[in-house]
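Some notes on the structure that comes next.
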Amino acid sequence: MHIVLISTPIGFLGSGKGGGVELTLNSLVSGLLSLGHSVEVIAPKNSKLSKSNEKAKLHFVEGEDQISWQHQNYNSPVSIPDNSLLVGMLEKGLDIAKKADVLLNMSYDWLPIWMTSNVKIPITHLISMGSESSVITNLISKVYVTHPYNFAFHSKIQADDYPFIKKPIIIGNGFQLDNYTFQESGNGPLAWVGRVAPEKGLEDAVYVANKLGEKLNVWGFIEDEAYALKIEQSFPKGTIDWMGFLSTDELQKKLGKCRVLLNTPKWNEAYGNVIVEALACGVPVIAYKRGGPSEIIQHGETGYLVDPDDKKNLLSYVEIIEKIKRKNCREWVEQNASTDIFADKVVNWLNKVINVYK
Ligand code: UDP
């Protein structure tokens, strides 16, 4: 298959601004290449693919980023800036896709979804978030009627945000296992990883660290500086150890030394890449039972699931985290979330779509 991927119109690949989509895109390219498919990627200028993905052709586009939908009101209208990066990527993608089998859009935005029923090329959408915008959700419901196979989701719980999707195509996610080293020892610090933004609920993890009189190691791109500052000022100085945004290799080396990852989403997390990355290093995860984490974590086996926003329960599970065998964590990833497993699911999905267009 010849597949053209459209990246997120928020930040270049490697910037951290695009959140989990950046890693997902790399995992997908890697899985598709290893299955023998031909892949072209349309991405913002300065984007980098991981070294093992050099066989994929990367096309750069310059322009203005979109505003992330989770930071707008649910009923906000669509806005497209002058010299739009999204428009530029779609123009290039459509041109290249004339010679390809399918276009796979990884941006969460209105325009590519609208195009689905208005161009002849098969455009598929890997939806990366829950319902964060009425105008996008309403458009998906309309396009779904005539193009039911063109949408796929990371988790069942994410797809539930779109109740009109009767039989959602669920493809999970995939991780390049060679990039993560299993670490046996579980005596390290508490970890939290993610974009630092309100929907990620960092404050609840800091609460736990503070109660235990420990530091919380925080890795990730600080998207909302005012939010980060507010949390920092709400707890004793030094409770948060800001570790910055690291490459996957640097991150996994340090994360793998941690005793547990706390994952505290305040929104319907579509998947939660950081959970699987921690598990791949052997680090158990305690997360709120909200969105993707509830389908990833095996309660009592690879970590614990806690009722949403129940900080006290979060704390009580940290106190018994040594009951989780770190080997179980790594094994779950190997058996359920490798790039090969992921790419297989994606290929099955894309074949379904292509057959409709024949
Ligand atoms: N991440 C990273 N370096 C860091 C911290 C985070 O590369 O220091 C990446 C991580 O690998 C993950 C992404 O940031 O892929 C966060 O994705 P997630 O799915 O957890 O949440 P999202 O930001 O998409 O809501």
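Throughout, read-outs are computed from the coordinates displayed, never taken from laboratory work. Being a predicted model, the structure only gives us computed values, none of them experimental. Cβ: placed from backbone, ideal geometry, glycine included. Neighbour counts: every protein chain shown.
Using the Cα gyration tensor of the stretch 169-293, with a ≥ b ≥ c the square roots of its eigenvalues, what is the shape: rounded (a/c below 1.5), prolate (a/b larger than b/c) or oblate (neither)? In terms of gyration-tensor shape, oblate. With the helix formula -39500 (n - 2.57) applied to DSSP H stretches of n ≥ 4, the chain reaches a computed 222 nm mean residue ellipticity of -11000 deg cm²/dmol. The K166 and F221 beta-carbon pair, evaluated with R₀ = 56 Å, returns a calculated FRET efficiency of approximately 0.95.
DSSP loop GluC sites (Glu not before Pro) in the stretch 38-147 with at most 13 other Cβ atoms within 10 Å of their Cβ, which ones?
E54, E62
Taking amide H as placed 1.01 Å from N in the peptide plane, the amide H of S338 sits under 5 Å from that of F175, each at least 5 places away or on another chain. Each Lys and Arg adds +1 at its Cβ and each Asp and Glu adds -1 at its Cβ; summed about the Cα centre, the stretch 91-131 shows a dipole of about 140 debye. Hydrophobic long helices, here whole DSSP H runs in the chain with Kyte-Doolittle means of at least -0.5 and Cα atoms spread over 18 Å or more along the helix axis, are found at 20-34, 134-146, 339-357.
Note on H59 and V135: with the Förster distance fixed at 30 Å, the Cβ-Cβ geometry gives a FRET efficiency of about 0.60.
Of the residues G194, M243, V306, the one whose Cα sits farthest toward the positive end of the charge dipole of the stretch 160-307, with +1 on the Cβ of Lys and Arg and -1 on the Cβ of Asp and Glu, is V306.
Placing pseudo-labels 7 Å out from each Cα toward the beta carbon at S52 and N187 gives an inter-label distance of 3.2 nm. Residues whose amide H lies under 5 Å from that of L5, counting only those 5 or more places away or on a different chain, are E40, V41, I42, L104; hydrogens are built 1.01 Å from N in the peptide plane. For the stretch 227-358, the Cα-based Rg and Dmax, in that order, read 17.3, 63 Å. Here the stretch 31-83 and the stretch 176-228 have alpha carbon centers that stand 26 Å from each other. Projecting the Cα positions of T116, G130, I157 onto the charge dipole of the stretch 116-230 (unit charges on Cβ atoms of Lys, Arg, Asp and Glu, taken about the Cα centre) puts T116 furthest along the positive direction.
Over the stretch 117-276, Cα pairs under 8 Å with separation of 6+ residues give a relative contact order of 27 percent. Potential lengthening of the chain between S117 and H2 amounts to 39.3 nm, from the contour at 0.36 nm per residue minus the alpha-carbon distance. Using Cβ point charges alone (K and R +1, D and E -1), the dipole size of the chain about the Cα centre works out to roughly 620 debye.
The stretch between D249 and D82, if pulled fully straight at 0.36 nm per residue, gains 56.5 nm over its current Cα-Cα span. Placing unit charges on the Cβ atoms of the charged side chains and taking the dipole of the stretch 9-167 about its Cα centre, the candidate lying farthest along the positive direction among L23, P148, P77 is P148.
Enter the Cα centre distance for the pair the stretch 268-343 and the stretch 119-168, rounded to the nearest angstrom. With the stretch 268-343 and the stretch 119-168 each reduced to a Cα centre, they are spaced 26 Å. Name the aspartates and glutamates eligible as straight-distance cross-link partners of K17: C-alpha to C-alpha under 13 Å, and not fewer than 8 places from it in the same chain. Candidates past the 8-residue exclusion: D65, E223, D224.
Over the chain, Cα pairs under 8 Å with separation of 6+ residues give a relative contact order of 16 percent.
FRET efficiency for the Q233 to L212 pair, using the beta carbon distance and R₀ = 30 Å, is estimated at 0.90. Computed about its Cα centre, the charge dipole of the stretch 1-119 is approximately 380 debye, with only Lys, Arg, Asp and Glu carrying charge at their Cβ.
Based on the alpha carbons, how large is the Rg to Rh ratio for the stretch 142-227 when Rh follows Kirkwood? Answer for the stretch 142-227: 1.12.
Loop-located chymotrypsin sites (Phe, Trp or Tyr not before Pro) in the stretch 139-225 (DSSP state other than H, G, I, E, B) with a sparse environment of at most 11 neighbouring Cβ atoms within 10 Å: F164.
The residues packed around P81, meaning those with a beta-carbon under 11 Å from its beta-carbon, carry a net charge of -3 if Lys and Arg are +1 and Asp and Glu are -1. Among the listed pairs K48/K254; K92/K358; K230/K312; K230/K345; K55/K142; K45/K156, those with a Cα-Cα distance over 30 Å are K230/K345; K55/K142; K45/K156.
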